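The values are calculated or read from the model by the stated rules, or taken from the named source; none is laboratory data. Owing to the predicted nature of the structure, the values given are computational and were not obtained by experimental measurement. We place every Cβ from the backbone using ideal geometry, glycine too, and count neighbours over all the protein chains shown.
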Amino acid sequence: MDAPKTILIVEDSKLLRGVLRGLLEAGGFVVLEAEDGQMGFDTATSKHPDLIVLDLMMPVMDGIEMYQKLRTDAWGVDVPVIILTATKTEKITSWLNAEHLDFFMKDNSMMDEVVLCAKRRLGLV
């Protein structure tokens, strides 16, 4: 039997982290958490999760900065990332499309869709 996949949630909202943790654990994943981009980067580069769910608007280091820093790391260059955002400006949309990232709006997407997307990205469905 394969070991369960690990997902890192980088999200400043404790409530949303909790919801995602519950759904991802119910989906069979091991879950790590970070509440800001710097903690997320440090956790990602030390623990090497199989996938990262990343909020864009956070304190200390925002999600775009964390993503860009992650992509300069030898390990982080290939890790799959799913973006969560509460704001979808033209600049953010352009960046998401240029990076070919899966993303979900916090205000109108179902969080169980994030779990399904994670399973697809990891080849589990």
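Things worth noting here:
- The requirement of being among the hydrophobic types (A, V, I, L, M, F, W, C) and surrounded by fewer than 11 Cβ atoms within 10 Å (Cβ to Cβ) is satisfied by Met110.
- Taken over segment 88-101, the criterion of being touching a strand residue (DSSP E or B) at 6+ places or on another chain (Cβ under 9 Å) and closer than 20 Å to Asp12 by Cβ is satisfied by Lys88, Ile92, Leu96, Leu101.
- Selection within segment 81-107 - over 21 Å from Glu35 (Cβ atoms) and either loosely packed, with under 14 Cβ neighbours inside 10 Å or of a type outside the set (A, V, I, L, M) (or both): Lys88, Thr89, Glu90, Lys91, Thr93, Ser94, Trp95, Asn97, Ala98, Glu99, His100, Asp102
- Exactly one residue out of Val81, Val30 is of a type in the set (A, V, I, L, M), under 19 Å from Met111 (Cα atoms) and more than 13 Å from the chain's Cα centre (by Cα), and it is Val30.
- Residues that are closer than 16 Å to Gly22 by Cα and without any contact (Cβ under 8 Å) to a residue 40 or more places away in the chain within segment 90-125 comprise Met110, Glu113, Leu116, Cys117, listed in sequence order.
- Candidates Val60, Val53 - the one that is of a type in the set (A, V, I, L, M), surrounded by 13 or more Cβ atoms within 10 Å (Cβ to Cβ) and under 15 Å from Val114 (Cα atoms): Val53
- Segment 45-65, residues that are under 11 Å from the mean Cα position of the chain (by Cα), closer than 13 Å to Glu11 by Cβ and free of Cβ contacts under 8 Å to residues at least 60 places away in the same chain: Ile52, Leu54, Asp55, Leu56, Gly63
- Search result, residues across segment 22-40 that are out of contact with any Ser or Thr (no Cβ under 9 Å at 6 or more places or on another chain) and not aliphatic (A, V, I, L, M): Gly22, Glu25, Gly27, Gly28, Asp36, Gly37, Gln38, Gly40
- Among the helices (runs of 4 or more DSSP H) confined to segment 1-71, the ones with at least 1 residues that are within 18 Å of Leu124 (Cβ to Cβ) are located at 14-26.
- Boolean, Thr85 is under 20 Å from Cys117 (Cα atoms) and modelled with pLDDT under 90: yes
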